[in-house]
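Only one structure is covered here, and it is reproduced in the block below.
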Amino acid sequence: MHIRVQRGDFLSTLAQVQGVVEAKKTLPILSHLLLEAGEGGLNVFGTDLDVGIRSATRAEILTPGAIALSAKKLYEIIRELPEAPVDLRVQEDLNAEIICQRSRFKLKGLPKDEFPARPVIAAEGGLGMSPETLRSMIQRTAFAVSTDQTRYTLTGALLQVTSAEARMVATDGHRLAVARAPRDRVTGNGLTEALLPRKALLEASKALREDGDDVRLVPVGNQVAFDLGATLLVCRLIEGQFPNYQQVMPAVEGRGLTVKKEELVGALKRTSTIIGDRTAPTVFDFRRGRLTVSCVNLDLGEAREEVEVQHAEKDLTVGLNARYVLDFLGVVDEPEVSIHLNDALSPALFRPLQGQDYSCVIMPMRL
């Protein structure tokens, strides 16, 4: 195997693929990337057995072949090279020689046969949607995915496709995020429901290109492939039953409270400084025409700030986790949001003021 590739193209491909590689694995091959040179150019593949990414890059193929090289070391080497063509030549003893201008490296490799097999993806079929639609759904739900591995079915987001819409839902038991897209923005019928791991969603979001073609989601047994054009991401589906999230959605009556997003963001960030990393509740005290946000730290003191609100029809005091509210506000593009509250012990429903395609439910905290 002998290839010549531009350092910048090679580095961007390695940066994208090596994100899924786990350094601490019982199988040494999983800390490596598989490089395959053929008629289609250079393909780089990495996997942790749950999520795998294959990305293609332009390269001059002088001699076709394949080799598995340490993901971390290869990335570090290419990152430090000057912006110039890089020659990579594999010798018979599976040592890879990397040459760029006056720099020369030798890196030990592993044979291609030791690398996990990749699933075969159908050329047609599956679901299709624009990169903007998929990225928006991921960004508006990924923050609510649980990181607690003991609650396995909550460590991913549920994708559902009906005749009316596509939904992505995530919850960690304390909050719930639901993003919707009209069915006319989603083509095909090859996938109706899938529980997708958080890592796969985040890697797919990073790989999406604004000017790219529609993304295809193709089911392959107990896996789903994201066909992103030059990049293919394959993930193992999470097995288990996702909770019935419809039971958590509060019944909405009226238009709720209206508040300017930036004013609420500023108030929450400033008052939260007094509690630091603690999980103490932030008090939301709603009165006609105003909202008072306050925090108390028994060791340090307290903080309080007032924010103007509209359509406050009743007085109500509720405790919420400020970080959860900030996570929701951080993915909202509109200048105003609505807050729906029934009482101090019921879930709070947050939405963009003009958007019914996105909802975030946050459970209250006892004061």
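The values are calculated or read from the model by the stated rules, or taken from the named source; none is laboratory data. Only a predicted model underlies this, so the values are computations on that prediction, with no experimental measurement involved. Note that each Cβ is placed from the backbone with ideal geometry, even for glycine, and that neighbours are counted across all protein chains shown. Keep in mind that these areas ignore ligands, DNA and RNA; they rest on the heavy atoms of the full protein, side chains included. Shrake-Rupley method; radii C 1.70, N 1.55, O 1.52, S 1.80 Å.
Observations, loosely collected:
- Between GLU132 and ARG89, the modelled labels are 4.9 nm apart [label points 7 Å from Cα along Cα→Cβ].
- Normalised by the number of residues in the chain, the average gap of Cα pairs under 8 Å and 6 or more apart makes the relative contact order 13 percent.
- Furthest towards positive pole of dipole, PHE286, GLN223, MET365, structure part the chain, Cβ charges: MET365
- To put it simply, the accessible area of the range 39-181 at a 1.4 Å probe is 47 percent carbon and sulfur.
- A Förster radius of 30 Å, combined with the Cβ-Cβ distance separating HIS311 from ARG270, puts the computed FRET efficiency at roughly 0.75.
- With every protein chain in place, the range 190-256: carbon and sulfur % of accessible area (1.4 Å): 45 percent
- Only helices enter this figure: runs of n ≥ 4 DSSP H residues, each worth -39500 (n - 2.57), summed and divided by the residues of the chain, yield -5000 deg cm²/dmol at 222 nm to the nearest 500.
- Between the range 134-182 and the range 225-278, the alpha-carbon center distance in angstrom: 8 Å
- Between the listed residues PHE242, GLY266, GLY256, the Cα displaced farthest toward the positive end of the dipole of the range 235-279, a dipole computed from Cβ unit charges relative to the Cα centre, is found at GLY266.
- Rounded to the nearest 20 debye, the dipole size of the range 255-334 about its Cα centre is 140 debye, using +1 on the Cβ of Lys and Arg and -1 on the Cβ of Asp and Glu.
- With the charge dipole of the chain set up from +1 on Lys and Arg Cβ and -1 on Asp and Glu Cβ about the Cα centre, the Cα lying farthest toward the positive end among the listed residues THR141, VAL21, SER55 is that of VAL21.
- Label point distance in nm, VAL252-VAL120, each placed 7 Å from Cα along Cα→Cβ: 4.7 nm
- Cα-centre dipole for the chain with unit charges at Cβ (Lys and Arg positive, Asp and Glu negative), debye to 20: 540 debye
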